[in-house]
Amino acid sequence: MQRYYSRIYWHFTGSPKSDVKVLSPDELLKKSEPKPEKESVEILLKILQSQRLKATSQEQVGPYKTNAFCCTTDIPFKDLVEHALYYGRAAIGFKAEAIHDVFLPVCYVSSKHEAHNNLMENDHPLMDFIKITDFHPKEGHTFYREREWRNIGDFAFEKDEIAAIVVPDDSLKMVRIFLEKQKYPDDISVLSWRLVEEA
């Protein structure tokens with residue numbers, strides 16, 4: 001069975017505090033680092049309490065600055081470990097149906113592509129969904145492996161649109177109690193990061 005996409009779309013809450021222009025995750029790590037785990041888990045709980053992913057990200061695409069967006073990734077479960085190097089070890093997993101009708105997949109364009117300059121000169125209606133990267137087979141050398149999906153503006157979600165939550169082991173009990181107090185459905189899987197690493 002192919003494993004290059006997931007039915008769960010993950011939103012990581014440890015994105016680096018950075019507004020830098022880079023072409024790969026490795027470049028991003030050289031200029032910034034993921035948020036501390038405690039802060040990532042606090043953000044995750046705030047998202048769950050508000051039932052809203054806030055549009056706090058923007059990117060520079062040539063002369064164009066994207067509108068504020070929120071994002072998820074459809075990386076398969078076994079590949080989340082690589083993603084966590086750059087975005088932390090706390091994530092909310094949304095059911096695919098919740099994402100497909102609201103978000104759009106990012107179009108990755110090589111920084112060396114012949115259409116790159118023409119694309120940057122036009123006010124294309126999909127400019128908010130373009131990400132410039134270098135394509136490289138080595139892990140960490142391209143954003144293409146992130147399989148990002150974006151929504152322009154905030155994303156309000158229903159409690160039953162959450163499929164799973166992954167947090168560091170020491171936050172498991174707290175997150176489970178929080179979900180119960182917030183009356184989230186009992187069938188949401190709350191998983192330890194150790195399970196991700198050992199899967």
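The values are calculated or read from the model by the stated rules, or taken from the named source; none is laboratory data. This one's a predicted model, so the numbers in the text were calculated from it and none came from an experiment. Counting neighbours? That spans all protein chains shown, and the Cβs are built from the backbone with ideal geometry, glycine included. Heads up: the accessible areas ignore ligands, DNA and RNA and are worked out on the full protein's heavy atoms, side chains in. Shrake-Rupley method; radii C 1.70, N 1.55, O 1.52, S 1.80 Å.
Modelled spin labels at SER50 and ASN67, positioned 7 Å past Cα toward Cβ, are 1.9 nm from each other. Positive contributions from Lys and Arg (+1) and negative ones from Asp and Glu (-1), summed over other residues with Cβ under 11 Å from the Cβ of LEU104, come out at -2. Annotation for the stretch 35-121: GluC sites (Glu not before Pro) lying in DSSP loop with at most 15 further Cβ atoms inside 10 Å of their Cβ are GLU114. Taking all protein chains as shown and a probe of 1.4 angstrom, LYS78 keeps an accessible surface of around 110 Å².
For the stretch 59-199, the fraction of 1.4 Å probe accessible surface lying on carbon and sulfur atoms is 51 percent.
Short-range pairs are left out: with C-alpha atoms under 8 Å and at least six residues apart, the relative contact order of the stretch 116-199 is 24 percent. Restricting the GluC sites (Glu not before Pro) of the stretch 145-199 to loop positions (DSSP other than H, G, I, E, B) with no more than 13 neighbouring Cβ atoms within 10 Å leaves GLU158. Once you've got the Cα coordinates, tell me which of LYS95/LYS173; LYS95/LYS183; LYS31/LYS131; LYS35/LYS65; LYS78/LYS181 are over 21 Å apart. Beyond 21 Å: LYS95/LYS173; LYS35/LYS65; LYS78/LYS181. Each residue of the chain gets 124 Å³ once the volume of the Cα convex hull is shared out per residue.
Modelled label positions at HIS124 and LYS30, each set 7 Å beyond Cα in the direction of Cβ, lie 2.6 nm from each other. Between ASP154 and LEU195, the simple spin-label model (points 7 angstrom out along Cα→Cβ) gives 3.0 nm.
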